[in-house]
Every structure is written in structure tokens, then in C-alpha cells.
Amino acid sequence: MPRIAFLASPTDDALAAKQALEKRYGHVDENNADIIVALGGDGMMLETLRKHFDLPIKVFGMNRGTVGFLMNEYDENHLIERIEAATLVTLHPLRMQVMTVTGEGRAALAINEVSLLRQTAQTARLKVTIDTTVRMDDLLCDGIIVSTPAGSTAYNLSAHGPIIPLGAGILAMTPLSAFRPRRWRGALLDNTARITLEALETDKRPVSATADATEVRDIKLVEITEDRSIELNLLYDPDHNLDERVLKEQFAP
């Protein structure tokens, strides 16, 4: 019997599910658990993973939220059997290194995406460097998203970016309302790429950078890389795994 910690978002449905599951399967502190069962929506899954970046633990999510793209279906029955039969998916987050206009350095991790956004009515003006080569020296836009495969169905997809299969070894770079060059629709990059985004004319065109839920305002320079030293281990029912859901999204009507 694996040691299970149940974590729930602060909603009535999630808290009621937590109480019922703890009564049926027992409960240990999350720091002593073999498995964490996260109850809620995608936000709860991301919060659980962020809390345990430094703890090599497996997370089995069950949907007690709204969308639940990252979650399994909720069912109180046969939980141990489901966990034992589950498919393992390992994700690697993006590491965002930021320098602000005042020279302050900040760092954060993102499971879904790093996004740069204009802070005022003025469009952002960015320079895009991939590894050591400047690919765009003057991009005018509302912002830009660098997405992991797991995050490609989230904010990236809403901005008309591509959906990426989990094992593709690719990151998506998607502009938000590109004004110049007007027809640029983004790029697909190898996950080993070192992406540098520099904000230009920052006194007139201030820009913020956000790694999932961590925002840094008035940035000057952002460096983004995939941090493969961190492994996030998610468990999915074999007939409803994350790879299959990503594939289905590509053929959604």
C-alpha cells in the first residue's frame, strides 16, 4: 500500500473529495508520501508541482475543478489499482533568468510557459536571440510566449500557437499580436535552445515577464532554458494519458 498524501484546492467539491478519500485510503504528510493525489483543476496540479520542485515524488491528479486537462477523471473507487497501473509522464520546467532595468536579478521556474507582456498602452519592442544568434532585432508586439509541450495547449494555444507532442523535444515561441513583422507567427525551437529576449526602449515601452504565476515587472533582459535537472513525475490512467489528450487536441473540432 503506497503512502498517499491528498491535497485539495479550496473548493467545496475538492475538499469533500479529500475528506472521503482520506477516510477510505488513509493519509500521510506530503513530505513522507510516496504519491501525492491532487484534487482540483489544472491550477491545483501546477501549484502541487511547483511546491515540490525539489522533492522527487509522483503526482496523480483527479479533476474536481473546471477544465482538468492535466488531471485524471475523478473516481473514489480502485484508487490503489489505478495508481499501480498508471502511465508515468516526466516533464521538465523552463528556467527564467531576469535582469530588470535597475539591474536586479530574479529567477523562476515555469511548467507551462514564460510570457513577456507590455505593461502600458505602448507595444513592446523586443530583440530575440537564440543561442548566440540574433534572429529578430526589432519585434513590435503585445508580447511573446515561450511554451513547454505540456503548456502548449494552454495560453500558447489561445494565442494560436502550435500544440506540441510531449516527447517532441521542442519549445514553442508564439507572438501576441505581432505588429512588425506583421506576418510573423512564431517559431518551433529545440528544447536545448538558450532563448534571450531583450526589451528595447524600456523607458517608453515597459515590459513584464511571467513564469507561470511569478511576475517580474520592468524587465530589461530575460534568458529562458529548459531545466532538465528537474523532473516532474505525473501519473495518468493508461486509457486517458496526457500524450493521448495532447494528440486529441490537435484534431479537436
Flagged in region 169-198 as part of a loop (DSSP other than H, G, I, E, B) and touching a Pro at 6+ places or on another chain (Cβ under 7 Å), in numbering order, are Trp184, Gly186
Name the residues in region 76-93 that are assigned to a helix (DSSP H, G or I) and not charged (D, E, K, R), would you?
Leu79, Ile80, Ile83, Ala85
Just give me the residues in region 57-83 being charged (D, E, K, R), without any contact (Cβ under 8 Å) to a residue 40 or more places away in the chain and closer than 18 Å to Asp34 by Cβ, in sequence order.
Glu81
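To keep it simple, each residue is scored yes or no on (1) touching a residue at least 24 places away in the same chain (Cβ under 8 Å); (2) over 30 Å from Arg82 (Cα atoms); (3) assigned by TED's automatic domain parsing to the domain that holds Thr133.
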{"residue": "Ile164", "(1), (2), (3)": "yes, no, yes"}
{"residue": "Pro175", "(1), (2), (3)": "yes, yes, yes"}
{"residue": "Gly186", "(1), (2), (3)": "yes, yes, yes"}
{"residue": "Val207", "(1), (2), (3)": "yes, yes, yes"}
{"residue": "Glu215", "(1), (2), (3)": "no, yes, yes"}
The conditions are (1) at pLDDT 95 or above; (2) not assigned by TED's automatic domain parsing to the domain that holds Ser177, and Val134 fails exactly one of them. Which is it?
(2)
Got a number for residues in region 19-67 being part of a loop (DSSP other than H, G, I, E, B), within 21 Å of His92 (Cα to Cα) and more than 19 Å from the chain's Cα centre (by Cα)?
1
So in region 94-148, with the set limited to residues that are part of a strand (DSSP E or B) and free of Cβ contacts under 8 Å to residues at least 12 places away in the same chain, which one is surrounded by the fewest Cβ atoms within 10 Å (Cβ to Cβ)?
Thr133
In region 199-253, the residues that are modelled with pLDDT of 95 or more, part of a loop (DSSP other than H, G, I, E, B) and polar (S, T, N, Q)
Thr202
Might you check whether a residue that is touching a Lys or Arg at 6+ places or on another chain (Cβ under 9 Å) and surrounded by fewer than 17 Cβ atoms within 10 Å (Cβ to Cβ) occurs anywhere in region 209-218?
yes
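Sort through Phe53, Phe60 and tell me the only one that's within 29 Å of Glu249 (Cβ to Cβ), out of contact with any Gly (no Cβ under 9 Å at 6 or more places or on another chain) and at pLDDT 95 or above.
Selected residue: Phe60, the only one of Phe53, Phe60 that is within 29 Å of Glu249 (Cβ to Cβ), out of contact with any Gly (no Cβ under 9 Å at 6 or more places or on another chain) and at pLDDT 95 or above.
The values are calculated or read from the model by the stated rules, or taken from the named source; none is laboratory data. Note that this is a predicted model, so its numbers are computed, not measured. Positions of Cβ are backbone-derived with ideal geometry, glycine not excepted, and every protein chain shown enters the neighbour counts.
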